[in-house]
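The values are calculated or read from the model by the stated rules, or taken from the named source; none is laboratory data. Source: prediction; values computed, not measured. Glycine also receives a Cβ, built like all others from the backbone with ideal geometry; neighbour counts cover every protein chain displayed.
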Amino acid sequence: MRILLTTMALFLVVLGSSMSLNSQQDTRYSQFMMNGMRYNPAFSGAKENLNITAFYRNQWIQFEDAPKQLFVGVNDAFGRKDNVGLGLMVEHDEIGVDQRTNVYGSYAYKIDLGEGKLSAGLQGGASFFSSNLTSIDTPEDGVIDRSFDSDEQFVLPNFGAGLLYYNEDYYVGFSIPHLLTYQKKENNIHSISRLRGNYREYIFTMGSNIMLKPDVLDLRPALLVQYIPAEAPLELDINLSLVFKDVTWFGVTYRSNEISKPESLNFQFAYKMDSGLKVGYAYDHTLQTLGSQVGGSHEIMAAFDLNNKSNAKYIKTLF
């Protein structure tokens, strides 16, 4: 209990702190409801079994040098220590000449509360950046831009915090994945326009499991709300999924930018095997006016659950 109170106190302290610097937004995954730890460290160990998740995302397939992301995360409650969850995630993304690799470890402490559990989580790690600036072709008009004289590499540490309440019917979570932000790098020539770090972002998630036909058909709505004070208003992902016999998953997500501006309509399919392996695929159909020029986006998911718990009442609503 003392650990939980300390964790929650630290969470409230960093929540009240403010750093108004600029930097880069994180990836928005279409199958967000299957990757809770990516958005909130309090999800670590919530399923009370070993969970390994991997995502590959290829965005805007008709656009040259479009963003690509690879994510791998693992978390576990470690047997009898059901009140503790640990996690590790590695995420690599690249766009054009810029690459970023995030490496974060997470810790969550859980207590029984009412008919469910309350989890408080912390994460810490660093982002490793590299920019292949020398590969950029510049105009051959005699003007030398010294910004592209050499490649760049640098490391930016960060940490985050989150809270999560979950039971067999629903879950609700709030998190700040990056409590530190970083300014645009400047040199003696001019301010480089490429962004260097992570925006301070506030994330709210929730989901539920509604039995339409017991042991046959479930409806699982999910919501992700992202607020970035340094950028646009609220961004929303609203998902509705039908799950047959807890094995086959069909879903659709409406994604908006700045609340009222449609961004994409995303279609998902997932299948869970008896071995605990789950595979999924999502296709994003861009709704913006540039959709025909940039094309859609593909996302592939693979996850493995080692279910070593006889009581799995918390698992459905989380993933």
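Tabulated values for the structure
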item	result
Matching residues in the range 267-286 - criterion: being touching a Gly at 6+ places or on another chain (Cβ under 8 Å) and of a type in the set (S, T, Y)	Y271, Y283, T286
Within the range 228-250, considering residues that are crowded, with 16+ Cβ neighbours inside 10 Å, touching a strand residue (DSSP E or B) at 6+ places or on another chain (Cβ under 7 Å) and touching a residue at least 24 places away in the same chain (Cβ under 8 Å), the one farthest from L180 (Cα to Cα)	V243
Candidates E94, E64, E48 - the one that is part of a strand (DSSP E or B), out of contact with any Gly (no Cβ under 6 Å at 6 or more places or on another chain) and modelled with pLDDT under 90	E94
Residue match in the range 106-125 (condition: modelled with pLDDT of 95 or more, touching an Asp or Glu at 6+ places or on another chain (Cβ under 8 Å), crowded, with 21+ Cβ neighbours inside 10 Å and assigned to a strand (DSSP E or B))	no
